[in-house]
Amino acid sequence: RRWVRGLFAGGSLTAEAQMIFLDQGLKVMSNVPILGANMLKDHVPGHILLDLGEDQFTRGRPHPMIDPVVRDESLRKALGDDEVGVILLDIVIGFGASDNPASHVVRVLDNHKDRDPIIVASVTGTEKDRQVLSRQVAILKSAGVSVAPSNAHAVEAALASISN
């Protein structure tokens with residue numbers, strides 16, 4: 001279990017995660033690679049950071065911020081992959097976002113009680129958002145998800161977990 005899978009709702013946090021991997025001297029693949037990262041290839045082992053808001057995942061479907069179901073298949077796959085040590089998630093709340101994205105993620109995780117990968121998440125939003133930042137964090141933590149104060153901190157925690 002040596003690889004990280006990042007399952008992001010959007011491109012900005014995916015790009016930030018890639019920059020941190022590259023700054024650490026690590027090779028990383030993505031469906032939206034930044035300069036220095038590699039284009040995702042099927043059946044090639046390694047760290048993979050996905051922007052699930054891209055057309056390949058959303059064609060005919062709502063964006064994962066609106067409908068977190070878009071992330072389910074990728075999350076189940078990562079949970080079942082014996083090579084994945086850490087799964088990185090971003091939860092984005094606020095206007096236009098799902099009513100309770102953390103609960104949705106937890107429902108998927110509950111169906112994989114015997115999971116081995118460490119789950120590290122960040123929640124982007126505020127206490128004044130209708131989903132309430134602290135409520136989303138509490139839901140994730142109650143399911144054993146490690147919640148970092150930012151996406152960058154979550155990526156650093158994921159990298160620290162696989163290096164130990």
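The values are calculated or read from the model by the stated rules, or taken from the named source; none is laboratory data. Keep in mind that what you see is a predicted model, and the values were worked out from it rather than measured. Heads up, the Cβs are rebuilt from the backbone with ideal geometry, glycines too, and the neighbour counts pull from every protein chain shown. These accessible areas exclude ligands, DNA and RNA; they are computed on the full protein's heavy atoms, side chains included. Shrake-Rupley method; radii C 1.70, N 1.55, O 1.52, S 1.80 Å.
Some notes on this structure:
- Any hit, segment 105-122, residues being open to solvent by less than 20 Å² (accessible area, probe 1.4 Å) and in a loop (DSSP other than H, G, I, E, B): yes
- Just so you know, in segment 31-55 the residues that are open to solvent by less than 50 Å² (accessible area, probe 1.4 Å) and under 20 Å from Thr124 (Cβ atoms) include one that is farthest from the chain's Cα centre (by Cα), and it is Ile34.
- Selection within segment 1-15 - over 14 Å from Val84 (Cβ atoms) and surrounded by fewer than 17 Cβ atoms within 10 Å (Cβ to Cβ): Gly11, Ser12
- Selection of first residues in segment 137-151 that are basic (Lys, Arg) and of second residues that are surrounded by 12 or more Cβ atoms within 10 Å (Cβ to Cβ), restricted to Cβ pairs under 9 Å at least 6 apart or on distinct chains, gives the following pairs, ordered by first then second residue: Lys141/Val147.
- Boolean, Ile66 is within 21 Å of Pro149 (Cβ to Cβ), of a type in the set (A, V, I, L, M), surrounded by fewer than 23 Cβ atoms within 10 Å (Cβ to Cβ) and out of contact with any strand residue (DSSP E or B) (no Cβ under 7 Å at 6 or more places or on another chain): no
- Within segment 123-162, being open to solvent by 30 Å² or more (accessible area, probe 1.4 Å) and polar (S, T, N, Q) holds for Thr124, Thr126, Ser134, Ser142, Ser146, Ser150, Ser161.
- Search result, residues across segment 89-104 that are in a helix (DSSP H, G or I), open to solvent by 20 Å² or more (accessible area, probe 1.4 Å) and either small (Gly, Ala, Ser) or in contact with a Leu (Cβ under 6 Å, 6 or more places away or on another chain) (or both): Ser103
- For segment 16-30, the candidate set comprises residues that are farther than 18 Å from Ile87 by Cβ and in contact with a strand residue (DSSP E or B) (Cβ under 8 Å, 6 or more places away or on another chain); within that set, the residue that is least open to solvent (accessible area, probe 1.4 Å) is Leu22.
- Residue in segment 94-115 that is of a type in the set (Val, Ile, Thr) and in contact with a Phe, Trp or Tyr (Cβ under 9 Å, 6 or more places away or on another chain) present: no
- Subset tally (residues that are out of contact with any Asp or Glu (no Cβ under 7 Å at 6 or more places or on another chain) and touching a residue at least 24 places away in the same chain (Cβ under 8 Å)) for segment 31-52: 7
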